[in-house]
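The values are calculated or read from the model by the stated rules, or taken from the named source; none is laboratory data. This structure is a prediction, so every number in the text was calculated from the model and none was measured. Positions of Cβ are generated from backbone atoms using ideal geometry, with glycine treated the same way; all protein chains shown enter the neighbour counts. Accessible surface areas use protein heavy atoms only, side chains included; no ligands, DNA or RNA. Shrake-Rupley method; radii C 1.70, N 1.55, O 1.52, S 1.80 Å.
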Amino acid sequence: MIRRWLHIIKDKDRDIRERLFVLLSSIALIALLLVILIGFVIRESPTDLLILSLFFVFCTGIVVWSIFLDMIQIGSCIVAAVATIILLPFTYFTGGGIRGGCPMWFFFMAFLICMVIEGYTKWIFLVMDIASAGICYFLEYKNIVIVYGHTEREFYMDSYASLVLICAVVGIMVGFEIHTWREDFKRSKEQAKEIEELSKAQNHFFSSMSHEIRTPINTIIGLNEMILRENVSAEVAEDAANIQSASKLLLHLINDILDMSKFQSGQMQLSPAAYHTGNMLSDIVGMMWGRARDKNLELHIDVSQELPSELYGDEVRIKQILINILNNAIKYTTEGSITFTIQCDKPKDGIVNVIYSVTDTGMGIKKEDIPYLFTAFKRVDEDKNRHIEGTGLGLSIVKSLVDLMGGKINVNSVYTKGSTFVIEIPQQVVNAKEIGRIDLKKGHNVKQKARYHQSFEAPDAEILVVDDNASNLMVVSKLLRDTRVKIDTALSGKEALEKTVEKTYNVILMDHMMPEMDGIECLHKIRNQMGGLNKKTKVVALTANAGSEAQAMYVKEGFDGYLLKPISADDLESGLQKLLPKDMVTIFGDESELIEDGLSWLSDKRGKSMIAVTTESVADLPVKMAEKYSIGVLPHCVLTEDGVFKDGLEIESGGLLAYIAKFDAKVGTSAPDAQVHESFFAERLQNANNVIHIAVSGRIENSGYQAAKEAAEAFDNVTVIDSRHLSSGQGLLVIEACKMAAEGCSVSEIVKRVKDMREYVRTSFIADNLEHLARAGQVSDRIAKVLKAFMLHPVLEMKKGRLTLGGICFGTRERAWDKYIASCLNVAGEIDKSILFITYVGISNRDLEKIKEKALKMVPFEKVYFQKASPAVAVNAGPGTFGLLYKMKM
């Protein structure tokens, strides 16, 4: 029993509260036993001592039971409940009341509860303890319960004994808590040290693995390149091409694993530097066009002419992000096209937000899979994609890199129809000169011929290649064979130093990781070599260390460049061509020789807009205005007995009203469902990075707002706003959003402005009667008939998103119209005079001109638009209805 007791107290894996309960219950039981013994000494009431003894036995049993059954939390609650409700009140009244030791035990009980009980239960027992003490004090104060008082001697002895016991117990508790915390802190430091050492070992392993695997891959790819150069059979050429593809895939997987290990250990760092945007994009597209062509996919490139020509950022990592996204797009697209778009915001304080978007016509992503898209080692829709190569690391690395750069990435996808990835990365502007229109014949991003063509010859040039691996030396020698460059080789840094003192070389290719003397040490010794002939010779690092941090290190150490293993034949020739003296090099052919098969440029076409504003047909906007701002309009549906028609496209207001009058037909309206909205948004995102959709009020019948909200959940870049208006009142909000988008405002700025403006838009109509609203079931037939019989003209207005009866105008139609116009425009000084919409149903041009004339007499609006209401609005309003829609000054 005692051993188990001590084991629980010392068990570091147990919760601290459980250990404290066992310790404190042991101390408390000992203290209670001492109280009972002291009670015998000072001759306490036998009844009191008997009850205390029974409680001692009860608590001992509960503690033993809870320890053996491992139900310590329940045991602590039982003990706390019995002590708070029974023991302490009884002891209070039999032990001298306020002039005894019990008040201090109430405090001790509260302390004990805080130490050993957790969660809401702790607060319940604290309240019980405080309430129990308060009731005892009150009952003694009011003499409701008799308190058995102590003598003066007993009071002092009881209170002092309680004080000593409580101080001792609290001291032990606090000491044990501090001791436990110190042990935990020491253990956590040891664990942190172990984790750090493990992380270092892991990073060393991955770095070594990267280097060791790249070395044989370098040999495989290099020798395979030589096979592809030879005049071999078609079968051998195909096998060699497959070897090359598999080697590059293995290399890609190694890089992904290495990068993920850096992110997990927190050691991933960016190495920003100035770079030319055109050259970077050229490299990216040059790598991607072949894969797209192999799958018979079109690759469209759209580069904004406003993109700065030179930026400051981590070019290597930006390339990695874009190549990953483009590679995925090609991988998951079986037919159609890939569109790569590059845009930028207007620079602010020397910072430009560059926006890269990649759109494909592939299989798309299920809505439920999008939250897991950037999870490491997670591949969505695994059953369908099991035949597609990959580890599931690519997008996780992309997300981590984008976050590290302070950017953001969004995904918009419709399953089975395709996906769009939008990446925004803020970068410093080095050269604000715009990149302009790219010349296809001289410019960037078009692919080189697939077959090997010797790019130069330099028979007088001499280079030294230093590598501890003989295979690597052989690969470099073979790859440069056609250039006729004279090549010396060295298997170590020591051997290289012997050669550099004997001969002058034009270029030295130096391996980094070598035993005894690595490439960096060898470089420094060459630069300071006594009697050395190559102190100023250009030295290029040959390395298996990928990443921009490696590039920064080589620049810092004094290398003139670096080539990544496995060495590409094109990179090797290109690098040497730049480093060798011009008079030694003979260039063959046009070095910018290019072909354009399968690569489609869109620089002469209209690119993606930053923000597209969309709405519904019920917004009642002029066609010319919708065309001017490229507003996407989603039609509502008109439901008739003869079929369903798209509002404004397949049916117009005049014909619909004539149909209703002739056949006394019942006609209804309905908003597009979520699926239609989703397809609509996906289509708009083909031409824009963001969509702001301004929907008809969500508080009216047949609103499309909820369906739009549901559809927007499938996209990261679609924002839906409840206009709280309809007809041209909704249209006024759309116009404001379009103007702000044209000025280059952000999504958040537009959304805030539109939401604020809702309170200042005035939407109201005066109708001849309510027959059509009654027919649509929005008001009762009885009300409609009463209003018509007494020549009452209802005024309907939008208030807090609801269509309400705003008033009634009496008399003839003309008189009612005059009253309506006067009531709308009676505060001319507070009205924004920029735009007035007169939106109508079944009113003649002559009457419209009269309405306009009367309105302008009251408020001189700058522009007045006559707008025929859409069929979906007209079917509810009926002929003879018009409204004045405008906004107040903000």
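For the stretch 61-181, report the accessible area per residue in Å² (1.4 Å probe, heavy atoms, rounded to an integer).
On the way: 6310 Å² over 121 residues.
Result: 52 Å² per residue.
Taking the mean number of other Cβ atoms within 10 Å as a proxy for protection, how do you rank 108-116, 719-727, 272-280 from highest to lowest? Kindly include the intermediate steps, with their values, before the conclusion.
On the way: 108-116: 21.0, 719-727: 24.1, 272-280: 17.4.
Top of the packing list down: 719-727, 108-116, 272-280.
Within the stretch 786-877, list the GluC sites (Glu not before Pro) lying in a DSSP loop whose Cβ has at most 15 other Cβ atoms in a 10 Å radius. If you can, show how the numbers build up before the last one.
On the way: sites: Glu797, Glu814, Glu830, Glu849, Glu853, Glu862; in loops: Glu862.
Filter output for the stretch 786-877: Glu862.
Listed highest first by mean packing, meaning other Cβ atoms within 10 Å per residue, what order do 456-463, 150-157, 324-331 come in? Display every interim value, and only then the final one.
Working: 456-463: 18.2, 150-157: 14.2, 324-331: 21.4.
Top to bottom by mean Cβ count within 10 Å: 324-331, 456-463, 150-157.
Which three extents, in angstrom, do the Cα atoms of the stretch 446-525 have along their principal axes, listed largest first?
42, 25, 23
When the accessible area of the stretch 138-201 is split by element with a 1.4 Å probe, what percent falls to carbon and sulfur? Kindly include the intermediate steps, with their values, before the conclusion.
Numbers: 3110 of 4890 Å².
Taking all protein chains in place, the stretch 138-201 shows 64 percent carbon and sulfur surface.
At 25 °C and 0.890 mPa s, grab the translational diffusion coefficient of the stretch 338-378 from Stokes-Einstein with a Kirkwood Rh over Cα pairs, rounded to a whole number in µm² per second.
Details: Rh = 13.2 Å.
Diffusion coefficient, whole number: 186 µm²/s.
Taking 8 Å as the Cα distance limit and 6 or more residues as the minimum spacing, I'd like the relative contact order of the stretch 73-167 as a percentage.
Details: 96 pairs, mean separation 39.9, N = 95.
RCO, the stretch 73-167: 42 percent.
Ignoring any ligand, DNA or RNA, what whole percent of the accessible area of the stretch 820-884 comes from carbon and sulfur when the probe is 1.4 angstrom? Intermediate values should be presented prior to the final figure.
Numbers: 1360 of 2710 Å².
Of the solvent-accessible surface of the stretch 820-884, carbon and sulfur hold 50 percent.
Keeping all protein chains in the complex and leaving out DNA, RNA and ligands, what accessible area do you get for Leu491 with a 1.4 Å probe, in Å² to the nearest 10?
Rounded to the nearest 10, that gives 80 Å².
Suppose a student asked you for the relative contact order of the stretch 486-534, using Cα pairs under 8 Å spaced at least 6 residues apart; what percent would you report?
Working: 43 pairs, mean separation 22.1, N = 49.
Once normalised by length, the contact order is 45 percent.
Run through the stretch 275-366 and list the GluC sites (Glu not before Pro) located in a DSSP loop whose Cβ has at most 16 other Cβ atoms within 10 Å. Present the calculation step by step, with values, prior to reporting the outcome.
Details: sites: Glu298, Glu306, Glu310, Glu315, Glu335; in loops: Glu306, Glu335.
Sparse-neighbourhood loop GluC sites (Glu not before Pro): Glu306, Glu335.
Met530 versus Thr504, label points 7 Å from Cα toward the beta carbon: distance in nm?
2.2 nm
Using a 1.4 angstrom probe, figure out how much accessible area the stretch 688-765 has per residue, in square angstrom, rounded to the nearest whole.
Working: 2790 Å² over 78 residues.
On a per-residue basis, the stretch 688-765 sits at 36 Å².
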